[in-house]
There are 2 protein chains.
Amino acid sequence: MSTVPVTAHGTVDGGLRQRAGKVVPGGMYGHLSVANLPADYPQFFARGQGARIWDVDGNEFVDLMCSWGPMLLGHAHPAVDAAAKAVIDRGDVLNGPASEMVDLAERLVENVSHADWAMFAKNGNDVTTLAIVVARAATGRRKVLVAAGAYHGIAGWSLAADAVGMTPQDHANTIFFEYNDLDSVEAAVDLAGDDLAAIVVTPIRHDLYRDLEAPEPEFARGLRTICDRAGAALVIDDVRCGLRLDTRGSWESLGVRPDLSAWSKSLANGHPLAALMGNEAMRDAARRVLATGSFWLGAAPMAAALATLDELERTDAIGKMRAAGRRLQDGLVTQGVAHGLQVTVSGPPQLPFMTFTGDATFERAGLWAGACAHNGVYLHPVHNWFVSAAHDDDTIDRALDATDEAFALVRDTFGAD
Amino acid sequence: MSTVPVTAHGTVDGGLRQRAGKVVPGGMYGHLSVANLPADYPQFFARGQGARIWDVDGNEFVDLMCSWGPMLLGHAHPAVDAAAKAVIDRGDVLNGPASEMVDLAERLVENVSHADWAMFAKNGNDVTTLAIVVARAATGRRKVLVAAGAYHGIAGWSLAADAVGMTPQDHANTIFFEYNDLDSVEAAVDLAGDDLAAIVVTPIRHDLYRDLEAPEPEFARGLRTICDRAGAALVIDDVRCGLRLDTRGSWESLGVRPDLSAWSKSLANGHPLAALMGNEAMRDAARRVLATGSFWLGAAPMAAALATLDELERTDAIGKMRAAGRRLQDGLVTQGVAHGLQVTVSGPPQLPFMTFTGDATFERAGLWAGACAHNGVYLHPVHNWFVSAAHDDDTIDRALDATDEAFALVRDTFGAD
C-alpha cells in the first residue's frame with residue numbers, strides 16, 4: 001500500500017491534537033482516544049464512505065472497526081441517511097413521538113422473537129441500565145449478576161469495584177460470575193439469596209484483551225433455567241452484536257429467549273438510537289419506571305433504523321458480513337501459518353478478532369496493528385473488530401495485503417514461533 | 001382560533017395510540033406521554049417549523065414547550081440543520097472525533113466563564129451523572145447534595161428514595177437540601193461530614209408543580225463559599241436553562257462560577273448533544289474517569305451546536321426570547337386580572353410558567369391548558385414552558401388569543417376569585 005499516514009507524528013493534523021489537549025481532558029477520552037494505541041493511529045477523522053474512512057490528513061483506511069460497531073451497512077449509507085435527513089427537514093425532536101416510533105416498535109416486535117414491546121433511548125448504557133431498573137421493578141428485588149470483565153456501559157453497577165469515581169454503593173448489588181461457567185453462576189445465585197432480580201449477559205464473550213468466545217449452549221440454556229427457577233429476569237446485552245448475528249436476537253439459534261434485551265450501536269447504522277425490548281411479563285414494570293430523555297423520541301434515528309432494517313433484509317447484509325469476515329479470518333490464519341507465527345483468530349466472522357500466542361503484554365499485537373494502520377487498515381490490537389455489509393472481496397483483499405506486511409514486520413522483530 | 005384538534009378522541013390519529021398501546025409500554029412513557037394531560041393533547045407529531053408544530057392529524061399549534069427545551073432558535077432551523085446534514089453526508093460517527101469536537105470545545109471554553117475544558121455526550125443525564133463521578137474522582141469522597149424535588153435526570157442518585165426500580169444503595173450517598181435555604185444546606189453538609197464530594201444545583205428552581213423561583217444571590221454565593229470551605233465541587237445543572245439565560249453560564253450574572261456544569265437540551269437546537277464543562281481543578285479527574293458512548297463523538301450534532309452558537313450571537317436570540325416571553329407573561333397577567341382570576345406568572349421570560357392561586361390539585365391549570373391545546377396552543381399545566389427566538393410578536397399574540405378564551409372557560413367553570 002502506498003498510503004502512509006503520518007498523523008501520529010503530531011504536526012500534520014492541523015494542530016488538532018495540540019488544540020484538543022488544551023480544551024478536552026487528556027486531549028481525548030474514552031474508547032476513541034488513541035493514547036494507548038500505537039503511534040500510527042490517527043486521532044481525528046474527516047470522512048467515511050462505505051468500508052473506507054479518511055483521517056483529517058486525507059489518509060485513507062479500510063475500516064475494520066466500523067465506528068466501533070454502528071456501521072452495519074457502511075458509512076454514509078444513502079438510503080439510511082436520506083431517511084434521517086427527510087425527518088430533520090420536517091422536524092426531528094418535537095413535543096411527542098412521531099409515527100416512526102410506532103412503526104419501529106412494531107417492526108422490532110415482529111423481528112425479535114422474545115419482544116412484545118420496545119422503548120427507545122440514545123446510548124447502549126441507557127438501555128442496559130434501564131433493563132436492570134425494569135427487572136428490579138418487576139421482581140421487587142435488588143441483586144444483579146454480571147460476568148466479570150464484561151462491558152455493559154459506564155454505569156457504576158456494571159463496572160469493576162475499583163472504577164474511578166465510583167462508590168462501593170454503586171456496585172453493592174452486583175455479583176460477578178464467570179462467562180460460560182454455570183457453577184460460578186450458581187454460586188452467585190446462592191449469594192443473591194432471595195434477592196435476585198436479573199442476570200445480565202452478552203450473547204458472546206467479547207471482553208477486551210481476550211479471544212472472543214462463543215456461549216456454550218448449555219451455559220445459555222442454563223441461565224434461562226436458573227432465571228425461571230429464581231423468578232429473575234434474563235437480560236441479553238445485544239448492544240454490540242445486535243443485528244450483526246441474527247435479527248431475531250443473538251441467542252435465538254440456541255433456543256434461548258431473554259426477558260429483556262438491550263440494543264443500540266448498529267440499530268440505525270450510525271444514527272444515535274438505543275432500544276430496550278421486553279416480553280409481556282416485563283411490560284407493566286417498564287410502564288412504571290422513569291425512562292425519559294430530551295432526545296429519546298427524535299424521529300430521525302428511528303427513520304434511519306427502519307431504513308436500516310429494510311436494507312438489512314433486502315440485501316442479505318448478515319450474509320455479506322459473514323462472508324467478508326470469513327474471508328478476512330481465513331486470510332489471517334493462512335498468513336500466520338505462512339509467516340511461521342502462531343495466532344488465534346476468534347469471533348463470529350461479523351465480529352472478528354486476532355491475538356498472537358504468548359503475547360501477554362500485547363506487544364506483537366500492538367506492532368502488528370500499528371503496521372496495519374500505517375499501511376491503511378484500521379483495526380484494533382485489544383478490542384474485537386467489526387465488518388459491515390459494505391466490505392466486499394476487494395476491500396478484504398486490500399486489508400489482507402496490509403496484514404501480510406504487518407505479519408512480516410512481527411516475524412522480523414520477534415522471530416517466528 | 002378555528003383549529004380544533006380532535007386527536008384526543010382516539011380515532012383520528014391513524015390508530016397510532018391503539019397501535020402504540022400494543023408495542024410500547026403504556027402506549028408512551030416518560031415526559032412525552034399525554035397519559036396525565038387533558039384530553040385535548042395530541043400524542044403524536046408530524047412536523048415543526050419555527051414556533052409552530054403540527055400533530056399527525058394536521059392540527060397546528062403555537063409551540064410553547066419547544067420540544068421541552070431543545071428548540072432555542074425554532075424548529076427545523078435551516079442553518080443549523082444544513083450544518084448537521086452536511087456532516088451526515090460526509091460521515092457522522094467515525095472511529096474518532098472530527099475537527100468539530102475541538103472547534104466546539106474551544107468555543108464553549110471561550111464562552112462559558114468557568115470552563116477550561118469540555119467533554120461531550122448525548123443525554124442531560126449523561127453529563128449530570130458524569131459530573132458527580134468526576135467530583136468523586138477529584139475529591140476522593142462520596143456524598144452529593146441535591147435540592148429536594150429538583151430534576152437532574154433518571155439516574156438513581158438524583159431521584160427520590162421511593163423511585164420505581166431503584167434500590168436504597170442508588171441514593172445512599174445523596175443528601176437533600178431545600179432550594180434557597182442555606183441553613184438546610186449547612187445541615188446537609190454536617191451530615192456529609194468529611195465525605196462531601198459535590199453540591200448539585202439548578203440555576204433556577206424549576207421543579208414540577210411549582211412556580212419557578214429565582215436563586216437568592218446569597219444562596220448562590222453561599223453554595224460557592226460552602227464548597228470552597230469543604231473542598232467540594234459546585235455543580236450547576238444547566239441542562240434546562242443553558243444558552244437561554246446567559247451563554248457564559250446561568251449564574252455568571254450573580255458572580256458565581258461552578259467547578260462543573262452540565263449542558264444539553266438547547267446546545268445544538270434539537271440535535272442530540274450534551275456537554276460537561278469543568279475548571280482546571282477538575283481536569284485531571286475528568287481525564288481519569290470512564291466516559292464514553294457509541295455516538296458521543298458524532299460530529300453532526302457538534303456542527304449543529306457551532307451553527308446554533310453562531311445564530312445565537314448573530315441574532316441576539318436571548319434578547320428575542322426574553323422579549324417574547326415577557327410579552328407572553330405580561331399578557332397573561334393582564335388577562336388574569338381582566339377575568340377576575342388570581343394567577344402567578346413566574347420564571348425568567350425565556351422559561352415562563354403560570355399557576356392559578358388555590359389550585360392545589362391543578363384542576364384549573366388542567367382545564368386552562370387543555371383549552372389552550374384545543375385552541376391551538378401547546379403549553380403544559382404543571383411543567384415550565386419554553387419560548388424560542390422564533391417566537392415573534394404575532395406568534396405570542398396568537399397564543400394570547402387562545403389563553404384568553406381558556407381563562408374565560410376557567411372563570412365560567414370555577415367562578416372568579
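For the range B:78-314, what's the relative contact order in percent, using C-alpha pairs closer than 8 Å and at least 6 residues apart?
It rounds to 33 percent for the range B:78-314.
So which of A:143/A:265; A:85/A:122; A:22/A:85; A:265/B:122 end up more than 23 Å apart by C-alpha?
A:143/A:265; A:22/A:85, as the Cα separations exceed 23 Å there.
Pick out which of A:242, A:14, A:231 has the largest mean-square fluctuation in a Gaussian network model of chain A, springs linking Cα atoms closer than 10 Å.
A:14
With the Cα gyration tensor of the range A:183-321 in hand, give its eigenvalues times 5 under a square root as the equivalent ellipsoid semi-axes, listed largest first in whole angstrom.
Listed largest to smallest, the semi-axes of the range A:183-321 are 28, 20, 13 Å.
To the nearest 0.05, how large is the calculated FRET efficiency for residue B:79 and residue A:39 if R₀ is 51 Å and r is the Cβ-Cβ distance?
Efficiency computed from Cβ-Cβ geometry: 0.85.
5 Å is the cut-off here: which amide hydrogens, built 1.01 Å from N in the peptide plane, fall below it relative to residue B:377, excluding neighbours closer than 5 in sequence?
Residues meeting the amide H criterion: B:62.
So, R0 is 30 Å and r is the distance between the beta-carbons of residue B:89 and residue A:316; what FRET efficiency does that work out to, to 0.05?
0.70
Relative to the longest principal Cα axis of chain B, at what angle does helix B:78-90 sit, 0 to 90 degrees, rounded to 10?
Once rounded, the angle reads 60 degrees.
At q = 0.11, 0.13, 0.20 Å⁻¹, what log₁₀ I(q)/I(0) does a Debye calculation on the Cα points of the range B:43-179 give, no solvent, two decimals?
These q points yield log10 I(q)/I(0) values of -0.68, -0.90, -1.20.
If you take the beta carbon distance between residue A:191 and residue B:401 as r and set R0 to 56 Å, what does 1/(1 + (r/R0)^6) give as a FRET efficiency, to the nearest 0.05?
0.30
Please give the per residue volume of the convex hull enclosing the alpha carbon atoms of chain B, rounded to a whole number of Å³.
148
Put the label 7 Å from Cα along Cα→Cβ for residue B:228; what are its distances to the other copies, in nanometres, shortest first?
6.5
Across 5 Å bins from 0, what is the distribution of all Cα-Cα pair distances for the range B:78-314, in whole percents?
Taking all Cα pairs of the range B:78-314, the binned fractions are 1, 7, 14, 19, 20, 16, 11, 7, 4, 1, 0 percent.
Give me the percent of DSSP beta bridges within the protein assembly as shown that run antiparallel, rounded to the nearest 5.
If we restrict to bridges inside the protein assembly as shown, about 55 percent are antiparallel.
Counting DSSP beta bridges with both partners in the range A:78-314, what percentage is antiparallel, nearest 5?
40
Quick one: of the DSSP bridges fully inside chain A, what percent are antiparallel, nearest 5?
Here the antiparallel bridges make up roughly 55 percent for chain A.
Would you report the distance distribution of C-alpha pairs in the protein assembly as shown as whole percents per 10 angstrom bin, up to the bin with the largest distance?
With 10 Å bins starting at 0, P(r) equals 3, 13, 23, 26, 20, 10, 3, 1, 0, 0.
Helix B:317-338: angle to the longest alpha-carbon principal axis of chain B, degrees 0 to 90, nearest 10?
With rounding to tens, the tilt is 50 degrees.
Which value, in nm² and rounded to one decimal, describes the direction-averaged projected area of the C-alpha convex hull of the range B:282-391?
11.1
Can you tell me the dipole magnitude for the protein assembly as shown around its Cα centre, using point charges on the Cβ only (Lys, Arg +1; Asp, Glu -1), in Debye to the nearest 20?
Computed about the Cα centre, the dipole is about 100 debye.
Where the only charges are on Cβ atoms (+1 Lys, Arg; -1 Asp, Glu), what is the dipole of the range A:78-314 about its Cα centre, to the nearest 20 debye?
Using Cβ point charges on Lys, Arg, Asp and Glu, the range A:78-314 gives about 520 debye.
How large is Rg over Rh for the range A:327-368, taking Rg from the Cα atoms and Rh as the Kirkwood inverse mean of 1/r across Cα pairs?
That ratio equals 0.96.
Starting with the fewest neighbours, write out A:103, A:238, A:55 ranked by other beta-carbon atoms found within 10 Å of each beta-carbon.
A:103, A:55, A:238
Against the longest alpha carbon principal axis of chain A, how many degrees, from 0 to 90 and to the nearest 10, is the axis of helix A:363-374 turned?
70
For a quick check, take a GNM of chain A with Cα springs below 10 Å and name the residue from A:182, A:94, A:64 with the largest mean-square fluctuation.
A:94
Among A:219, A:79, A:196, flag the residue with its Cα farthest along the positive direction of the charge dipole of the range A:78-314, charges on Cβ as +1 for Lys/Arg and -1 for Asp/Glu.
About the Cα centre, the residue reaching furthest to the positive side is A:79.
Please list the non-local residues whose amide H lies under 5 Å from the amide H of residue A:65, H modeled 1.01 Å from N, same-chain partners needing a gap of 5 or more.
Here A:386 satisfy the definition.
Cα centroids of the range A:292-347 and the range A:16-85: how far apart, whole angstrom?
Using only Cα atoms to place each centre, the spacing works out to 17 Å.
For B:318, A:88, A:132, what's the fewest-to-most ordering of other Cβ within 10 Å of each Cβ?
Ordered from fewest to most neighbouring Cβ atoms within 10 Å, B:318, A:88, A:132 come out as B:318, A:88, A:132.
Values in this text are rule-based calculations from the coordinates and carry no lab data. A quick note: this is a predicted structure, and the numbers were derived from the prediction, not measured. Cβ: placed from backbone, ideal geometry, glycine included. Neighbour counts: every protein chain shown.
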